[in-house]
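Questions regarding the structure given below will be posed in turn.
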Amino acid sequence: MSYEKKLMAMKSLVKKTTVVQESVETFTKPPAPSYEKRWLTTGLEKIENDLGIVYKRVIHYPLTYMHGDICLGDIQEKLTNWTETGYAHPLAPSSDQLLFFDTETTGLKGAGAVIFLIGLLELKSDEFIMTQYVLPNPDHEAAFLYASKLWQEGLTLVTYNGKSFDFPQLQTRWSLHRKQLPKLPVPKQIDLLHGSRRIWKGEMDSFKLTEIERKQLGFHRKDDIPGHMAPIIYQDAVKNGRAEILMKVMWHNEWDILSLVTLFSLSSDMILQEESKPTAQVATNIAKWFKDLGLTERSFAELERIAEVYGSSYPLTHFHLGFLLKRYREYDRAVQSFEIVASSGEGREQILAYEELAKLYEHKLKDFPLAVDRINKGKSLLEQQNKLSKRFIDSMQSAFSKREIRVKKKLFPGQAQKLTRES
């Protein structure tokens, strides 16, 4: 059989297939909602793009605008100060495109929680401009997200709990429209909730933004809605067209964002200006933050300054200072700091101070009797503790006992075996 005939025979065995043309997904721009005219009477402005309709509200603030006790325009000086620091810090902006960012959502988490309001505030040369984008309904979500321009590169977002909530929520909603929207980059984020916890740890019981406003920023809200009411109000505005009450949500969001500006200014001062730290506790919290960031020299300078100003009145300062003095091999001064903590401190730090003293007396100062004394006092203090975890207490008891055996061997070398059995 010829080659051509073989091909024809094989071809006859092949089943015929039907070519199915893939359907091309088309996007149809959704129509305006029926309540549009009523919404526009509140001062909202309608904007359109290829994906749908969005409503926005724009507010202009002069640089002299006061929000609580702080002038918005003060932030210009803080931004300049950050550029002159010469070190990296979580509160330091990394670009000129600084946006203060906050959202309102229909729920706290999950794919069903929709962002219905995005508020952004930007500093211009002679004013602040806030733009609030409002979602007409879920059909226009892609247009709503696109209008925010958060797809632009090089942004720095200033938020309050934005790293954990607002931006992840934005990413979730964005992913549902990834075919229509530009890719969403991950911007530099300055989360002032984390900064507030570092600065005012031990001085505030609650870190809700409204508490920060009252106690630190001098701002007191009037006729504000509870946060949990925002989604209910929005859903009513969509269902019944009542945009008048929606303005209460807009004001709530506006106050949140203005507080971000003043909180950023105050937090920057706390970090950068020595005279801005009102208490030894706040100053020590900030010095500890520097240490945790690896800025040891800056932390050491701060702790020494605090110790000079406040003396021994705040033992926690000396607790952190003692470790740095030990690191810099200033053992006598380290002992002085840890002795202050041992005599006037409390909790874990007091017990750890006794352990550090035992180490220093044993290894650096070679004063074995004092080492044993501090071990015994540390063990005695452990027996009086009822608030510390059992795990910590057991660990420290074991550490003290092992150290006691070792020090006594050095103190009484001829009785080492006997002391080991007794211990």
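The values are calculated or read from the model by the stated rules, or taken from the named source; none is laboratory data. All of these numbers come straight from a predicted model, not from anything done at the bench. Heads up, the Cβs are rebuilt from the backbone with ideal geometry, glycines too, and the neighbour counts pull from every protein chain shown.
How many of the residues making up segment 283-338 are of a type in the set (D, E, K, R), under 20 Å from Tyr354 (Cβ atoms) and under 30 Å from the mean Cα position of the chain (by Cα)?
1
Let me ask something else about it. Is it the case that Lys201 is among the charged types (D, E, K, R) and farther than 27 Å from Val114 by Cβ?
Yes; evaluated as a whole, the condition is true for this residue.
So which residues in segment 34-62 are part of a strand (DSSP E or B), farther than 17 Å from Glu141 by Cα and of a type in the set (A, V, I, L, M), if there are any at all?
Within segment 34-62, Val58, Ile59 qualify.
Let's see how each residue does on (1) aromatic (Phe, Trp, Tyr); (2) buried (at least 20 other Cβ atoms within 10 Å of the Cβ); (3) in contact (Cβ under 8 Å) with a residue 24 or more places away in the chain:
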position	(1), (2), (3)
Arg214	no, no, no
Gly218	no, no, yes
Arg221	no, no, yes
Met229	no, no, no
Tyr234	yes, yes, yes
Arg242	no, no, yes
Met247	no, no, yes
His252	no, yes, yes
Ile257	no, yes, yes
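Additional query: Considering only residues that are surrounded by fewer than 21 Cβ atoms within 10 Å (Cβ to Cβ) and either of a type outside the set (Val, Ile, Thr) or over 21 Å from Leu321 (Cβ atoms) (or both), which ones fall in segment 259-284?
Residues satisfying the conditions are Asp269, Leu272, Gln273, Glu274, Glu275, Ser276, Pro278, Ala280, Gln281.
Additional query: State yes or no: is Arg242 in a loop (DSSP other than H, G, I, E, B) and farther than 21 Å from Leu123 by Cα?
yes
Which of the numbered conditions does Met204 fail, given that it passes all the others? Conditions: (1) touching a residue at least 40 places away in the same chain (Cβ under 8 Å); (2) on the phi < 0 side of the Ramachandran plot.
(1)
Could you please give the count of residues in segment 274-311 that are more than 16 Å from Arg197 (Cβ to Cβ) and in contact with a Gly (Cβ under 9 Å, 6 or more places away or on another chain)?
So the count comes out to 0.
State all residues of segment 271-281 that are closer than 21 Å to Ile75 by Cα and either part of a loop (DSSP other than H, G, I, E, B) or touching an Asp or Glu at 6+ places or on another chain (Cβ under 7 Å) (or both); if no residue qualifies, say none.
Hits for segment 271-281 are Gln273, Ser276, Lys277, Pro278.
May I pose another question? Residues in segment 181-215 that are among the polar types (S, T, N, Q) and touching a Leu at 6+ places or on another chain (Cβ under 6 Å): how many?
Within segment 181-215, residues that are among the polar types (S, T, N, Q) and touching a Leu at 6+ places or on another chain (Cβ under 6 Å) number 1.
Since Glu25 meets every condition but one in (1) at pLDDT 95 or above; (2) among the acidic types (Asp, Glu); (3) not in a strand (DSSP E or B), which condition does it not meet?
All conditions are met except number (1).
Rundown of residues vs (1) in contact (Cβ under 8 Å) with a residue 24 or more places away in the chain; (2) assigned to a helix (DSSP H, G or I), yes/no style:
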| residue | (1), (2) |
| --- | --- |
| Gln336 | no, yes |
| Leu370 | no, yes |
| Lys377 | yes, yes |
| Leu388 | yes, no |
| Asp394 | no, yes |
| Arg406 | yes, yes |
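Kindly indicate whether any position in segment 156-170 is outside any strand (DSSP E or B), surrounded by 15 or more Cβ atoms within 10 Å (Cβ to Cβ) and touching a helix residue (DSSP H, G or I) at 6+ places or on another chain (Cβ under 7 Å).
Yes; the residues of segment 156-170 include at least one that is outside any strand (DSSP E or B), surrounded by 15 or more Cβ atoms within 10 Å (Cβ to Cβ) and touching a helix residue (DSSP H, G or I) at 6+ places or on another chain (Cβ under 7 Å).
Looking only at residues in segment 111-122 that are in contact (Cβ under 8 Å) with a residue 24 or more places away in the chain and more than 16 Å from Lys149 (Cα to Cα), which one is surrounded by the most Cβ atoms within 10 Å (Cβ to Cβ)?
That would be Val114.
Can you find even one residue in segment 147-154 that is in a helix (DSSP H, G or I), at pLDDT 95 or above and out of contact with any Gly (no Cβ under 6 Å at 6 or more places or on another chain)?
yes
Against the definition (under 30 Å from Pro136 (Cα atoms), small (Gly, Ala, Ser) and not in a helix (DSSP H, G or I)), how does Gly107 come out, yes or no?
For Gly107, the condition - under 30 Å from Pro136 (Cα atoms), small (Gly, Ala, Ser) and not in a helix (DSSP H, G or I) - is met.
Hey, another quick one. Count, please, the residues in segment 183-211 that happen to be within 22 Å of Thr105 (Cα to Cα) and of a type outside the set (D, E, K, R).
Residues in segment 183-211 being within 22 Å of Thr105 (Cα to Cα) and of a type outside the set (D, E, K, R): 12 in total.
Whether any residue in segment 291-304 is modelled with pLDDT of 95 or more, of a type in the set (A, V, I, L, M) and surrounded by 22 or more Cβ atoms within 10 Å (Cβ to Cβ) is what I want to check.
Within segment 291-304, one or more residues are modelled with pLDDT of 95 or more, of a type in the set (A, V, I, L, M) and surrounded by 22 or more Cβ atoms within 10 Å (Cβ to Cβ).
Specify the residue that is nearest to the chain's Cα centre (by Cα); the eligible residues are those in segment 356-368 that are basic (Lys, Arg) and part of a helix (DSSP H, G or I).
Among those residues, the one meeting the criterion is Lys359.
Also, quick follow-up: Of all the residues that make up segment 195-245, how many are more than 27 Å from Lys291 (Cα to Cα) and among the basic types (Lys, Arg)?
So the answer is 5.
Moving on. Please count how many residues of segment 74-102 are touching a strand residue (DSSP E or B) at 6+ places or on another chain (Cβ under 8 Å) and of a type in the set (Ser, Thr, Tyr).
Counting residues in segment 74-102 that are touching a strand residue (DSSP E or B) at 6+ places or on another chain (Cβ under 8 Å) and of a type in the set (Ser, Thr, Tyr) gives 2.
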